[in-house]
Amino acid sequence: MKETNGSLLAALEAVVRRAGALAREKTLQSSVHIKGSNDFVTDADLAVSDYLTAQLPALIEDSRVLSEEDAEKTGIDGKVFIIDPIDGTTNLMYGMNMSVVSVGYCEDGVPMLAAAYQPFTDEMFTAERGKGAYLNGQSIHVNADARVCDALIGIETGPATRMEQENFFKAMFALQKESRGLRLSGSAALDFCYVACGRLSAAAYHYLYPWDFAAGMLLVAEAGGRVTLMDGSAPVLTGRSKPLLSSNARIHEELLAAFAGI
């Protein structure tokens, strides 16, 4: 990617805001389609996916879109917008209004731009590699919690690993007793946003797919935080990830120790 500027990020933000408005509109009349056990897609997901797939490639020449709703999950070589049309579909189905339109622009697997929009609160989280993270245009940073005992921690699980989550929940139960508490929002993308702006000290995920965190990992990094797998290695934006942790960086090593062997 050529050196980016505010106009490109602003153009991305504008597209994602319009997608969020479409999500709000479609939510009121959305039908539910079952993809698998506890895995759903709504008409709102499909409408937002179609809109983003049509609009995003026009922003950057020779780019393409990889979406959760794609029939084929292709690789991430080249210029790719990795999108989750609505992260938190089950929340949307139940009228909880805790969902995010998430777009991460990557080049050869490296996140360069991010926009994650919570349309029900009108909160736009954006980041550009090397240039910081922002909420509605204001600079944001991770919080200063220095110990797990002072931390509020998000958790995310999902149906794909349901039978493998016992040890993960044992670790979370121990952290529930040690920390200031746990929160399960139902949207991994929203958790990354909350870590980036300091509303959560960290968030632990039993697994994620690229569209769940392509935007979020850049937001957290640019806000001063850290994102790794539970063994401390860097995550990659291909396939289903191993257990993953995002944090304010200060408590990252302490949390990795708590999840050792997961």
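Worth a mention:
- Note on HIS141, HIS206, HIS252: ascending count of other Cβ atoms within 10 Å places them as HIS141, HIS252, HIS206, the fewest first.
- Relative contact order for the chain, counting Cα pairs under 8 Å that sit 6 or more residues apart, in percent: 17
- Computed from the alpha carbon positions, the gyration tensor of the stretch 191-262 leads to an equivalent ellipsoid with semi-axes of 16, 16, 9 Å, biggest first.
- Taking a quarter of the surface of the Cα convex hull of the stretch 145-209 gives a mean projected area of 4.3 nm².
- Angle between the chain longest axis and helix 210-222 axis [Cα atoms, degrees, rounded to 10]: 70
- At q = 0.12, 0.13 Å⁻¹, base-10 log of I(q)/I(0) for the chain (Debye sum, equal scatterers on each alpha carbon): -0.65, -0.77
- The chain, dipole about Cα centre (Lys/Arg Cβ +1, Asp/Glu Cβ -1), debye to the nearest 20: 540
- Sorted ascending by nearby beta carbons within 10 Å, beginning with the fewest, CYS149, CYS193, CYS106 become CYS149, CYS106, CYS193.
- Helical runs assigned H by DSSP (4 residues or longer) give the chain a calculated mean residue ellipticity at 222 nm of -10000 deg cm²/dmol, each run adding -39500 (n - 2.57) before division by the residue total.
- Segment GLU166-TYR94, length gained on full extension (0.36 nm per residue, minus Cα span): 23.3 nm
- Fewest-first sequence of ARG250, ARG147, ARG17 by Cβ atoms within 10 Å of each Cβ: ARG147, ARG17, ARG250
Every number here is computed from the coordinates shown, using simple stated rules; none is lab data. Just so it is clear, the structure is predicted and the values come from calculations on it, not from any experiment. So basically every Cβ, Gly included, is an ideal-geometry build from the backbone, and we count neighbours across all protein chains shown.
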